[in-house]
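Presented below is the structure to which this report refers.
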Amino acid sequence: MTTTPSTTANDSSPPTSPIKVATASFIGTTVEYYDFFIYGTAAALVFPALFFPGSSPLVGTLLSFATLGVGFLARPVGGVVFGHYGDRIGRKKMLVISLVMMGTATVLMGLMPTYAQIGLAAPILLTLLRLIQGFAVGGEWGGATLMAVEHAPPGKRGFYGAFPQMGAPAGVGLATIAFYFASKLDPAAFESWGWRIPFLLSAVLVMVGLVIRMTIDESPEFEKVRQGTDERVKLPIAEAFRRHPKEIFLVAGTYLSQGVFAYITMSYLVRYGSEIVGLERPDVLMGVFVASVVAVVLYAVFGALADSWGRKTTYFIGAVAMLVTIAPAFVLINSGSPLLFGLALVLVFGVAMAPAGGVTGSLFSMVFTPEVRYSGASIGYTISQIAGAAFAPLIATALYAANSSSVPVVIYLLVVAAISVVSVVLLPGKIGQADPLDPPAQTSDATARSTSPSVSA
């Protein structure tokens, strides 16, 4: 059936500038990841006592981190649904829906009664809301990344693609500083109502993000696909697996260390630093916040450098940096010094992850052809989250509890980092080679079968 392109206000108005789209993607992903990450901080600090009070402290923490991981189980579903409709009806519409859905679930968490008030229904409702968060964020990353990358001028995909990636550490930073100030309250007040403040603040942030997202144009590359009669596919997710099965799983393996290290930093190490190392809770949270600020800045720097170095080269540097810094970082963490604890987080989360984090969006999205790009990138990304980040804090907690040592945790992280190093090497493209200025769109079945994605990786 022939698709007739719709006439919109954008047809007669100047297109949205790339920097405005990139900024909107950054703000939107910051809000979404703020919502998603405050759960991780709360799971480490207050949820064990408020929602699993009948358990021992260790079991309560394990159960709390398990609900954190449950949210990731919904991410592939969100990636499939949002990817399908993002490739069929547009990136922008899906981003608006995901933002509203995420904000609603987060505000409801802030209003949740605890186990003491409604019993077993409390952790059940908490888990259901976490599933909604996971579903929403499963479609966020792909859409925001594509909006920035597909609006970018030739030769600048790395720089503009870094903006939605910057939203992840920015969201961590906002979530952490919100809990930092809340934790300054009297402990009884913090556990009674103070922990709810970061969740309820989401309503304001979502409104800001929503207004900004409504003002930008649809992706120009999607508009080209929508106006073509042969380029749109009925089932983008199936077509993505048909055309790019290897690339989907290599994307998952490549992102594995980045996702795991992020959740270890902002969730597991918050508990580890305060309960195992013995640091004050505000000192631990401030360390995460400073590392997040450094990451936001360096993501932009390495995104820009990737336009000269090549996206695959830049990501490889980050993957290797994570591999070699994690063991020294734990030496600093275990020192018992707040300063060295913060330095360790900056070393790993702020510096080592930055080359990979800054180029993730542009590298992964350019692996796939435009008409299945939202689906392919989202599914590869969310597979990685389930396989790695979802239960990383739970695994780390269990490893330490079983051995009373951080050495098994470090070994676990080294294995994860090694998988990512191998995966990025196997992605299309060559390390040490710059990317083409404007990769050609591969749209027809014949082209998809005969042209390697390496030209755009």
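The values are calculated or read from the model by the stated rules, or taken from the named source; none is laboratory data. Keep in mind that this is a model prediction, so the values were computed, not measured. Note that we place each Cβ from the backbone using ideal geometry, even for glycine, and neighbour counts take in every protein chain shown.
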Query - Criterion: at pLDDT 70 or above and crowded, with 24+ Cβ neighbours inside 10 Å - qualifying residue of Phe52, Phe82 - result: Phe82
Query raised in the report: Does Ala291 fit the bill of being among the hydrophobic types (A, V, I, L, M, F, W, C), under 17 Å from the mean Cα position of the chain (by Cα), within 15 Å of Gly173 (Cα to Cα) and at pLDDT 90 or above?
Result: yes
Requested in this report: Could you tell me whether any residue of region 112-120 is within 21 Å of Ser202 (Cβ to Cβ), touching a helix residue (DSSP H, G or I) at 6+ places or on another chain (Cβ under 9 Å), in contact (Cβ under 8 Å) with a residue 12 or more places away in the chain and part of a helix (DSSP H, G or I)?
Outcome: no
Query raised in the report: Looking at this structure, is Leu128 within 25 Å of Ala66 (Cβ to Cβ), surrounded by fewer than 24 Cβ atoms within 10 Å (Cβ to Cβ) and without any contact (Cβ under 8 Å) to a residue 12 or more places away in the chain?
Result: yes
Query - Enumeration of residues in region 97-146 that are farther than 27 Å from Phe391 by Cβ and within 17 Å of the chain's Cα centre (by Cα) - result: Leu146
Query - Breaking point among (1) surrounded by fewer than 24 Cβ atoms within 10 Å (Cβ to Cβ); (2) over 16 Å from the mean Cα position of the chain (by Cα); (3) part of a helix (DSSP H, G or I), for Met94 - result: (1)
Requested in this report: Report, by residue number, each residue of region 22-65 that is under 19 Å from Trp195 (Cβ atoms) and in contact with a Lys or Arg (Cβ under 8 Å, 6 or more places away or on another chain).
Outcome: Tyr39, Ala44, Leu45, Thr61
Query raised in the report: Which helices (runs of 4 or more DSSP H) sit wholly inside region 137-240 and have at least 1 residues that are buried (at least 19 other Cβ atoms within 10 Å of the Cβ) and modelled with pLDDT under 80?
Result: 202-213, 220-227
Query raised in the report: Has region 402-411 got any residue that is modelled with pLDDT under 95 and in a helix (DSSP H, G or I)?
Result: yes
Report summary line: Contact list, first residue from region 262-288 and over 18 Å from Ala170 (Cα atoms), second anywhere and crowded, with 24+ Cβ neighbours inside 10 Å and modelled with pLDDT under 90, beta-carbon distance below 6 Å, six or more apart or interchain, is Tyr268/Pro393; Arg271/Ala44
Query - Scope region 99-135; condition at pLDDT below 85 and of a type in the set (Gly, Ala, Ser); matching residues - result: Gly134
**Report entry** Tyr268 vs. criteria at pLDDT below 95, over 24 Å from Leu45 (Cα atoms) and of a type in the set (Ser, Thr, Tyr)
**Finding:** no
Query raised in the report: Got at least one residue in region 365-380 being in contact (Cβ under 8 Å) with a residue 24 or more places away in the chain, crowded, with 24+ Cβ neighbours inside 10 Å, under 14 Å from the mean Cα position of the chain (by Cα) and more than 22 Å from Thr30 (Cβ to Cβ)?
Result: yes
Query raised in the report: Looking at region 174-193, which of its residues are under 16 Å from Ala44 (Cβ atoms) and small (Gly, Ala, Ser)?
Result: Ala175, Ala178, Ala182, Ser183
Report task. Using the structure shown, decide if Ser406 is on the phi < 0 side of the Ramachandran plot and buried (at least 24 other Cβ atoms within 10 Å of the Cβ). Result -> no
Query - Counted residues, region 21-50 - those being of a type in the set (S, T, N, Q) and either within 11 Å of the chain's Cα centre (by Cα) or not in a helix (DSSP H, G or I) (or both) - result: 2
